[in-house]
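First up is the structure itself, then whatever we jot down about it.
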Amino acid sequence: MFDEIIDKIKPYIKDYESYLVGGYMRDKMSGIKSNDRDIAIKCSKLKDLVKQISDNTKGAYVELDNENEIYRVAWGEDYVDFARLYNDCLEDDIKRRDFTINSIMYDINNDVVIDVLNGKNDFNSGLIRTYNISNLSDDYLRMLRAFRFKSALGFKIEDDILEFVKKNAKNINNIAPERINSELIKIFEGKDVVSTLELMDEAGLLEVIFPVFREIKKIPPNSHHHLDLFHHLLETVNNIRIDKPELKLAAFLHDLAKPDTWTIEPDTKRHRFIGHDELGGKKVIPILKKLKFSKKQIDYISKMIANHIYPSSLMSSKDVSQKAIIRFFRKIGDDTLDLIELARADRLSARGIAVDDKMVRENLDNLQTLKDMYNEISPKLKSLPKLIDGNQIMEILQIEPSYKLREIIEEIKELQLEEKIKTPLDAIKYVQSKKI
């Protein structure tokens, strides 16, 4: 099995039982290039060996878990994780793996594939199976990993695993949130994410990770939504066409504040959720912080949720001005196309009796128009020359740094986009016109 990284380290592990395991072998069967190589090795002084490999191959040494003897050598995006062979015994190591599709091993020194548990058959059959259900108790994150593999590969999870999850779902709370975060992102990266989320819910794992869904599932269908809120969120995820896990997660959580804003009008019986978008943008922040999402991810998801109604409401006005549209583009910035996609997916997922085909078609046409306008205008948004700075404005108007100053700067930028201000002199004259 040719692999330039494995060939690089072969001279240093030739005297030890060494096996490529797990994700690398699974990806190999999927035809996916993997930079993630795990080696199980029989070596009494593993740390010393890995440091030697690192030094001699100019790699970066990383100590992942000294207690359990897990070490990494990295060369840019490529890396190898070394772990001590369980009980120094190949068969014991294989039988304690999480799932059979991850138990296939490649004997590096003897160039032989070892498949004691018929993991290749399970892979070809699309089956997520475990040799021993008690293996999941060794690390309760393995419950979530089962769903990650289902989402990524579209495989079926065996019933005994699902039963185990139903009985042990609460134990996921004992897992470091950083590890849960990693698996969640991979779930939302998968091709089978919607059915995976449904199955996670059936197994009781979804509400443990996202307790907010206990309240979400209480919101029934209404005149504008043919689905209850939980299934509306799933359908919205299903309609997202951009392969971006954070956007799909935002779609899944975009109405999380509806239970907090739910009212029913006495006369019309219409369900209202006034302000759920803005509140949702705030409410999602502590949820994502607890799961150790990065600030950049949190800011993005919060922005998507807080503004998910904005594109459709903006374009529903019959006399929407170019100025208002440009203000929208400026506010959302580089995330504009993602937000329009979320609005489109949301529209397609809400087809209650009060929503006819004409309304849907007009809404989608408006969103396409907005998208086309952004594609046309966005290059200008990024390349506007600076015609006047804040200090000049403050000197002309004899004002201090303030909201008024920011407002004038934004006005000048909008007028530049409309090509009503083209030169520094135009900008000065405009500011002078603001004198009181």
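Computed over all pairs of different Cα atoms, the Kirkwood value for the hydrodynamic radius of region 264-325 is 13.8 Å. Taken about its Cα centre, region 210-382 carries a charge dipole of about 600 debye when Lys and Arg each add +1 at the Cβ and Asp and Glu each add -1 at the Cβ.
The length gained by stretching the chain between Ile274 and Asp372 to full extension, at 0.36 nm per residue less their Cα-Cα distance, is 32.3 nm. Based on the reciprocal of the average 1/r between different C-alpha atoms, the Kirkwood radius for region 390-432 equals 10.5 Å. What shape does region 136-206 have by the C-alpha gyration tensor, where a ≥ b ≥ c are the square roots of the eigenvalues, rounded means a/c under 1.5, and otherwise prolate means a/b greater than b/c and oblate the rest? Judged from the Cα gyration tensor, region 136-206 comes out oblate (a/c at least 1.5, b/c at or above a/b). Under the rule a/c < 1.5 gives rounded, and otherwise a/b versus b/c splits prolate from oblate, where does region 318-388 land using the Cα gyration tensor? Here region 318-388 falls in the prolate category.
Can you find, among Leu46, Leu247, Asn135, the residue farthest towards the positive end of the dipole of the chain? Put +1 on the C-beta of Lys and Arg, -1 on that of Asp and Glu. Value: Leu247. With the simple model of a label 7 Å out from the Cα in the direction of the Cβ, Arg330 to Lys292 spans 4.0 nm. For the chain, the orientation-averaged shadow of the C-alpha convex hull comes to 28.3 nm² (one quarter of the hull surface).
Each part reduced to its alpha carbon centroid, region 220-241 and region 142-214 end up 21 Å apart.
Residue pairs exceeding 30 angstrom between C-alpha atoms, taken from Lys244/Lys292; Lys296/Lys380; Lys14/Lys292; Lys8/Lys28; Lys331/Lys422: Lys14/Lys292. In a Gaussian network model over the chain where Cα atoms closer than 10 Å are linked, find which of Ser383, Ser223, Ser294 has the largest mean-square fluctuation. So, out of Ser383, Ser223, Ser294, the one fluctuating most is Ser383. What you get for the chain, charging only the Cβ of Lys and Arg (+1) and of Asp and Glu (-1), is a dipole of about 1340 debye around the Cα centre. Straightening the chain between Lys166 and Asp299 buys 44.6 nm, computed as 0.36 nm per residue apart minus the Cα-Cα spacing. Note on region 4-125: Kirkwood radius taken over Cα pairs, Stokes-Einstein applied at 10 °C and 1.306 mPa s, translational D equal to 109 µm² s⁻¹. Considering only Val431, Phe123, Ile421, the residue lying farthest towards the positive end of the dipole of the chain is Val431, judged by Cα position with unit charges set on Cβ.
Around the amide H of Asp38, modelled in the peptide plane, lie the amide H atoms of Val21, Tyr24, Asp81, all under 5 Å away and 5 or more residues distant in sequence or on another chain.
Segment His226..Val116, full-extension length gain: 34.6 nm, with 0.36 nm per residue of separation and the alpha-carbon distance subtracted. Running Debye on region 237-379 with equal point scatterers at the Cα sites and no solvent, what base-10 log of I(q)/I(0) appears at q = 0.16, 0.17, 0.19 Å⁻¹? So the normalised log intensities work out to -0.91, -1.02, -1.23.
Every read-out reported here was derived from the displayed coordinates using simple, explicitly stated rules and does not represent laboratory data. Note that the structure is a prediction, hence the values are computed from the model and not measured. So basically every Cβ, Gly included, is an ideal-geometry build from the backbone, and we count neighbours across all protein chains shown.
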